[in-house]
Amino acid sequence: VDLIYVVDDANNLLSFDPRLIGTGPGPFHLVGRLSCPAGAPLPDFATTTATPFSMGVDRDAVAWVLYNSGEIFWASTKDASCTASGFKPRQSGFDLYGMGFVSDTAGAEQETLYLAGGPYNTQSVGDLGRVDGALTVSKIGTLRLQGQSSPELTGTGKAELWGYFPGG
């Protein structure tokens, strides 16, 4: 995957190409609007319609989009179409979380999806976990967030896991 993908507050999936900064077309390109058939959001959300909460993009350019209903959908980075992943929501105390893919070893083609988060109503505490090939979540350890929200995650080809802590 050569591009970066983001979701805006209008549920649009966009690609971002940093090589186009300062050029005529600009770095952002609209892929499409996400309209995955998510159920109702978890309690305490102000809306009655579920919206994207986090996203990780795998090596095959499939966007794994977590909605605030706790469901994960696979979205195409070509047209934003959605497919149900079969992921069971709210496993092992992971209701809402940041997520990102990381190579299993430096330079490897295999990768693992990592999660950082926890219960939807206590985002200042959470856990680090991973998702296996059967879409089962296992906890790795507890995160010490010190009043911050759970991080968004990303990984490198060197098998490094990085977290971005909003507001921290």
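The values are calculated or read from the model by the stated rules, or taken from the named source; none is laboratory data. In this text, all values refer to a predicted model and were calculated from it rather than measured experimentally. With ideal geometry, Cβ positions are generated from the backbone for all residues, glycine too; neighbour counts draw on all protein chains shown. Ligands, DNA and RNA are excluded from the accessible area calculation, which covers all protein heavy atoms including side chains. Shrake-Rupley method; radii C 1.70, N 1.55, O 1.52, S 1.80 Å.
Below are the figures for this structure:
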read-out	value
Qualifying positions in segment 107-118 - assigned to a strand (DSSP E or B), touching a residue at least 40 places away in the same chain (Cβ under 8 Å) and either β-branched (Val, Ile, Thr) or surrounded by fewer than 24 Cβ atoms within 10 Å (Cβ to Cβ) (or both)	Glu111, Leu113, Tyr114
Which listed residue, of Ser76, Ser54, is open to solvent by less than 30 Å² (accessible area, probe 1.4 Å) and hydroxyl-bearing (Ser, Thr, Tyr)	Ser54
Residue ID - nearest to the chain's Cα centre (by Cα), chosen from residues in segment 83-106 that are among the hydrophobic types (A, V, I, L, M, F, W, C), part of a strand (DSSP E or B) and buried (at least 17 other Cβ atoms within 10 Å of the Cβ)	Met99
Selection from segment 58-67 of residues that are open to solvent by less than 10 Å² (accessible area, probe 1.4 Å) and either charged (D, E, K, R) or closer than 14 Å to Pro37 by Cβ (or both)	Val65, Tyr67
Counted residues, segment 70-106 - those being touching an Asp or Glu at 6+ places or on another chain (Cβ under 6 Å) and free of Cβ contacts under 8 Å to residues at least 24 places away in the same chain	1
